[in-house]
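The values are calculated or read from the model by the stated rules, or taken from the named source; none is laboratory data. Everything quoted here is computed from the prediction, not taken from an experiment. Neighbour counts are summed over all protein chains in view; Cβ atoms, including those assigned to glycine, are modelled from backbone coordinates with ideal geometry. Ligands, DNA and RNA are stripped out before the accessible areas are found, and what is left, the full protein with its side chains, is counted by its heavy atoms. Shrake-Rupley method; radii C 1.70, N 1.55, O 1.52, S 1.80 Å.
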Amino acid sequence: MATYDAVIVGGGHNGLVAAAYLARAGRRVVVLERLGRTGGAAVSTRLFPGVDARVSAYSYLVSLLPSKIVKDLGLRFTVRKRAVSSYSPTVRAGRPTGLLVERDPARTRASFARLTGSDKEFDSWQRFHGMLGQVAERVFPTLTEPLPTSAELRARIDDPAAWEALFERPIGEAIEAAFDDDLVRGAVLTDALVGTFTHAHDPTLRQNRCFLYHVIGGGTGDWDVPVGGMGALTDALADAARAAGAQILTACEVTHLATDGRTAEVTSTRGTFAARHVLVNASPQELARLLGEQAPPPSEGAQLKVNMLLRRLPRLRDSAVEPRAAFAGTFHISEGYEELETAYRQAAAGRIPSAPPSEIYCHSLTDPSILGPALAREGYHTLTLFGLHAPARLFTADHDATREKLLRATLDQLDAHLAEPLADCLAVDGQGRPCLDARSPLDVERELGLPGGNIFHTALDFPYVGGGWGAGGGGGGEGAAARWGVGTAHPNVLLCGSGAARGGGVSGIPGHNAAMAVLGR
C-alpha cells in the first residue's frame, strides 16, 4: 500500500490546483482521476472528427480564477478580454434592432439610445454596474481567505443598499427598480440564471447567489477568453503539479474511502492508497457514496450545451450591428425579462419552453489559436451555445427525442434574428455531418459524474460562514477546514471541488482553500 501526505480524488482543475500547492509545500501527493485525462469539465477537445478545431467542450469562459493562483503556481496561461460584453437582438415596432454593450461607453450609450429612445436606461446601467463593481472589488479578494462571517463581509462591502439588494432581497426587485426596459432587464437577469433553475423573485435567493458569482470575478466581473481553450488552463495546472513533484494517475477510478479521522485509505481500480489527508474534487453526493454514507439530494442541472463550427458567421437581421461584433460578446437569445419568466414557468410545469432562452459566444473571434491554420484562413469560427431553463427533469422520459426537440426550438429562436439560416453556415466533419454537438444535463451527469448534471456540483452559496442553500458540503467540520469552507464530518477528509463553500465555476478557489487548510494557513 502506497502512503502519501495527501490523496486527491479527481483530476479536475480544482484537484490539480490543490495538488500543485501541496506538492510545492513539500507534501507527497497523488491525484487519482477516473477518466483517461485530467481536466474534468475544463478541457479542449477535437470534437468533430476530421476537423482541426479544438473546442472547450463543457466550461468555456474564465471569470473567477484569481490571478493569485496563476502567479503562485507559475502557470503559463493567459486570457484575453472581449471587446464586446453582449448583444441582445429584438424586434421593436416591426423593426429588427438590439442592444450592443461594448467596452466603449460612448458607443454603448448610443446603442441604448437607439433601442430605448433616451439616455435614461444607460445612465441607470452605469449606476447599477458601478455598484456591482464596488462589491466585486471588495468581495473577490475574500474568496482566497478564510471564510468571513456575514457581518464581516457586510462591513467590508460598506454599502447597506448594495448588501440588501444582493444578499437579502430577491434580485428581481433591484433590477425592476433600476430599469424600465424589458430587454435591458433581461440582459441583467441572465447572470442570475446560468446553470441555475430559478426565477427573479425566488424567495430562497438562489438567483442572488448565482448572480453574485457571475459579477464579482477578478474584482471586475469580466468574463475572459482562455487562450488555447479551457484545456490550456488544466494542462498548465497538471504541468505545474507534476513539476512540483505530484503524481497523477489517470484511468484510476476511486471506489471506496475509509477514515478514522487521523488516517485514511482510498481504494481504487489501480490499488489502495494510505494518506493523512484526502481531498475530494467531486460532488458531496459522490463523497457520501465513497464513504458509504447517506447522500444529500442532488441539485438539478438546467442547461443545454451546444458546440458548433461554422464556415462563416451568419448575417443579422439587425443591419446596424456587424456579426463580428454581435458574436464576439455574449449573444442573448430570447432573454428578455418576461421571456425568461415565461420560459421558467413552462419548464417548471414540465414543458419545453416555447421560446427557449440561450446565449452564444464565438471563441475564435478573440482567440483564433483554437482553429487550424487552414480553417482560420478560410473564415471558419466556433460557436458555443448555453441554453437556460432546461432542467434535467425534462429529459427523463425520452431523453434523445427531448434533447433534439429542445435543440431545434432553441436554434429556431436564433434563426429568427438572422438574415440567413444557421444551418447554411454550419461546417461539416470528415464524414459529412454538420459540426453540431448538443448535451443535456443528463449527458453531463453520465460523462462527468455531476449529480443531476449540475455544472456547479451543488447549489451555490453566499461567500460567508453559513451562506449555503442546502449545499451539503464545505461548511462542516471544525478547525482550519471549517474556516476555509472545505470541511466535512471527517477531520482529515476535505472537499476541494465545486461542492465546497465558494465553489462553482472555473476558479481553482476550492482547490486553493483546501490546500491552505491542510497546510494550516
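Here are a few things to note about the model shown:
- Top-ranked residue in segment 80-101 [being open to solvent by 40 Å² or more (accessible area, probe 1.4 Å) and within 22 Å of Leu385 (Cβ to Cβ); ranked as modelled with the lowest pLDDT]: Ala83
- One residue alone among Ala232, Ala251, Ala238 is assigned to a loop (DSSP other than H, G, I, E, B), among the small types (Gly, Ala, Ser) and within 30 Å of Arg28 (Cβ to Cβ), and that residue is Ala251.
- Residue pairs whose Cβ atoms lie under 8 Å apart, separated by 6 or more positions or on different chains, with the first residue in segment 61-85 and more than 22 Å from Ser369 (Cα to Cα) and the second of a type in the set (Ser, Thr, Tyr), are Leu64/Tyr213; Leu64/Ser507; Pro66/Thr144; Pro66/Ser507; Lys68/Thr144; Ile69/Thr144; Asp72/Tyr21; Leu73/Tyr21.
- Comparison of Leu414, Leu460, Leu407, Leu442 shows that the only residue that is aliphatic (A, V, I, L, M), outside any helix (DSSP H, G or I) and out of contact with any Asp or Glu (no Cβ under 9 Å at 6 or more places or on another chain) is Leu460.
- Those strands (runs of 3 or more DSSP E) of segment 1-110 in which 2 or more residues are of a type outside the set (A, V, I, L, M) occupy 2-9, 84-92, 95-102.
- Hey, Thr402 in a helix (DSSP H, G or I), of a type in the set (Val, Ile, Thr) and within 24 Å of Gly172 (Cβ to Cβ) or not: no
- A single entry from Thr190, Thr196 fulfils the requirement of being buried (at least 18 other Cβ atoms within 10 Å of the Cβ), of a type in the set (S, T, N, Q), in a loop (DSSP other than H, G, I, E, B) and under 24 Å from the mean Cα position of the chain (by Cα): Thr196.
- Whichever residue in segment 352-368 is among the hydrophobic types (A, V, I, L, M, F, W, C) and within 18 Å of Leu189 (Cα to Cα) and, among such residues, is surrounded by the most Cβ atoms within 10 Å (Cβ to Cβ): Ile360
- Residue check, Ala376 modelled with pLDDT of 95 or more, assigned to a helix (DSSP H, G or I), closer than 20 Å to Val225 by Cβ and touching a Ser or Thr at 6+ places or on another chain (Cβ under 8 Å): yes
- Top-ranked residue in segment 392-402 [being surrounded by fewer than 20 Cβ atoms within 10 Å (Cβ to Cβ) and not small (Gly, Ala, Ser); ranked as nearest to Thr90 (Cα to Cα)]: Thr402
- Condition check for Ala325 on (1) modelled with pLDDT under 95; (2) in a helix (DSSP H, G or I): one failure, at (1).
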